[in-house]
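The values are calculated or read from the model by the stated rules, or taken from the named source; none is laboratory data. Note that the structure is predicted; figures quoted are calculated from it, not measured. Note that we place each Cβ from the backbone using ideal geometry, even for glycine, and neighbour counts take in every protein chain shown. The protein model used for the area step is the full one, side chains on, heavy atoms only, and it has no ligands, DNA or RNA in it. Shrake-Rupley method; radii C 1.70, N 1.55, O 1.52, S 1.80 Å.
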Amino acid sequence: VGQVALSMVLLIGATLLMESLAHLNRVDPGFNPANLLTMQISLSPTRYDTDQKKAAFFGELLRHVETLPGVRGAGVSITLPTMGFPMTPVQPADAPPLKLNERPFGALQHITPAWFRTMGIPVRRGREFESRDRLGSAPVALINESFARLFWPAYPSGVDPVGRYILIGANPRPSEIVGIVADAHQALETDPMPAVYRPLAQNPVPSAAFAVRTEGNPLRFASVVRAQVLELDRDQAVSEVQTMDRLMEASEGQRRLIVMLLGLFAGTALLLAIVGIYGAIAYSVSQRTGELGIRRALGAQQMDILRLVMGPGLGLTLAGAALGIAGALALTRVMKSLLFQVSATDPSTYAGIALLFVLVALAASYIPARRAARIDPTAALRVG
């Protein structure tokens, strides 16, 4: 009973997590992670001590990399999709002014002009950033569709947000919305958040993510891209070189590890339960050989013996399954934060695992029960 109950808890937990992973793998992240090489570049604060120097370095790097054979696009941003964005208060400039702590928050991203083409994020309206959006020019911004629906609920109908102005953070100068892009997930397990994008050239940063879309395996281009960085600055370090696919897998690492461990423990517990049921029934048959022989001699049929022997095994399994379901209901609620689009009390999962254990119990009991049903009454009475 204890083995069955423990196995039930572990198998239910592992199944719920596997279902969550399957749902996560079907989520459209809003961009194309295939053939994307990513890396982090942190500029020296002493060498790049002005906005002009920072903007010039990233602009020159993009021009060098985009001309490489096999490179289809390159872009720079503060962070990568699914890796989380900084947040900032936002509101339309023509709305009644709110205090900063009263404004809705949106994800903030600083990007270079070709970022959306590189990431495979479609532009729904307006335009992308261009070379004219640089230091000293009028501030501009792009928003995603979640942002548009937050402040203009009728979108895509009604008022067109393109051409309107928004306030970003504590900056009193409004930025013009020049385009609207499709939503990209900040995290696969959450819905896309309202997001606002600003030109990196207007808001240079010392540390950024560099993404390169390639033809074929992105890692083959790692040394070539690093060489372009060193050509601009031989002391400039490049870190965290990996593909976007690998980054997305790593973001699910904790969930995958827990699934693997739970699956391993659940499989071991299930095996022990099978061995335990089989051993208990087989031992019972060996101890009751004389009794079973008498029953056969008095006219008991093979089916009667099968029911007599398999009944206790099935009863123990049902008792263990009931305890296991109760334990799983209590413990799986702790895993709610790890579940995605799956209920911690999913009835089909609980019913399926319970049915599995009934079938396992029947199979484990059947072998010794069949042997008992074939007992020769004369031989059994002689042994007795």
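Just need the relative contact order of the chain here, percent rounded to a whole number, with Cα pairs under 8 Å and 6+ apart. Please list the in-between numbers first.
Working: 642 pairs, mean separation 112.5, N = 384.
So the answer I get is 29 percent.
Using every alpha carbon pair in the stretch 190-317, what percent of pairs falls into each 10 Å bin from 0 up to the bin containing the largest distance?
Whole-percent P(r) values from 0 Å outward: 8, 19, 17, 11, 9, 9, 10, 9, 5, 1.
Give, in whole angstrom and from largest to smallest, the semi-axes √(5λ) of the equivalent ellipsoid of the stretch 48-195, with λ running over the eigenvalues of the Cα gyration tensor. Walk me through the intermediate numbers first.
Values: eigenvalues 139, 68, 46 Å².
Taking √(5λ) for each eigenvalue gives 26, 18, 15 Å, largest first.
Which helices pass in the chain if a helix is a full DSSP H run, must span at least 24 angstrom along its long axis by Cα, and must have mean Kyte-Doolittle hydropathy not below 0.5?
Details: long enough: 2-25 (35 Å, 1.33); 253-287 (51 Å, 1.37); 302-331 (43 Å, 1.40); 347-373 (37 Å, 1.20).
In the chain, the long hydrophobic H runs are 2-25, 253-287, 302-331, 347-373.
Report the residue, chosen from 244, 83, 18, that carries the largest GNM mean-square fluctuation when the chain is represented by alpha-carbon nodes joined by springs under 10 Å.
In the Gaussian network model the winner is 83.
Below 14 Å, Cα to Cα, which aspartates and glutamates can residue 53 reach? Residues fewer than 8 away in the same chain don't count.
233
Compute, for residue 210, the solvent-accessible surface of its heavy atoms (probe 1.4 Å) with the complete set of protein chains present, and express it in square angstrom to the nearest 10.
In the full protein context, residue 210 sits at about 0 Å².
Two decimals, Cα atoms only, Kirkwood Rh: what is Rg/Rh over the stretch 261-356? Provide the component values of the computation, followed by the final result.
Details: Rg = 18.6 Å, Rh = 16.2 Å.
Computed over Cα atoms, the ratio is 1.15.
How high is the relative contact order of the stretch 1-126, in percent, with contacts defined as C-alpha pairs under 8 Å that are six or more residues apart? Walk me through the numbers on the way to the answer.
Values: 75 pairs, mean separation 31.5, N = 126.
Contact order relative to length: 25 percent.
Which of the three applies to the stretch 169-237, rounded, prolate or oblate, going by the alpha-carbon gyration tensor with a ≥ b ≥ c and a/c under 1.5 meaning rounded?
Values: a/c = 2.64, a/b = 1.47, b/c = 1.79.
In terms of gyration-tensor shape, oblate.
Would you mind computing the Rg to Rh ratio of the chain from its alpha-carbon coordinates, Kirkwood style for Rh? The partial results should precede the final answer.
Numbers: Rg = 32.1 Å, Rh = 25.7 Å.
My calculation of the ratio gives 1.25.
Add -39500 (n - 2.57) for each DSSP H run of 4 or more in the chain, then divide by its residues: what number comes out at 222 nm, to the nearest 500 deg cm²/dmol? Could you put the intermediate results ahead of the total?
Working: 11 runs with 179 residues, N = 384.
Here the helix-only value at 222 nm equals -15500 deg cm²/dmol.
Just want to confirm a number: the relative contact order over the stretch 242-362, from Cα pairs under 8 angstrom separated by 6+ residues, in percent.
31 percent
Give me the one-decimal nm value for the distance between modelled label points at residue 374 and residue 22, 7 Å along each residue's Cα-to-Cβ direction.
Placing both labels 7 Å beyond Cα along the Cβ direction yields 3.8 nm.
From the Cα gyration tensor of the stretch 1-99, with a ≥ b ≥ c the square roots of its eigenvalues, which class applies: rounded if a/c is under 1.5, or else prolate if a/b is larger than b/c, or else oblate? Mind showing how you got there, number by number?
Numbers: a/c = 2.77, a/b = 1.79, b/c = 1.55.
It is prolate, given that a/c is not under 1.5 and a/b is the larger ratio.
So how far, in whole Å, is the C-alpha centre of the stretch 51-99 from the one of the stretch 223-285?
32 Å
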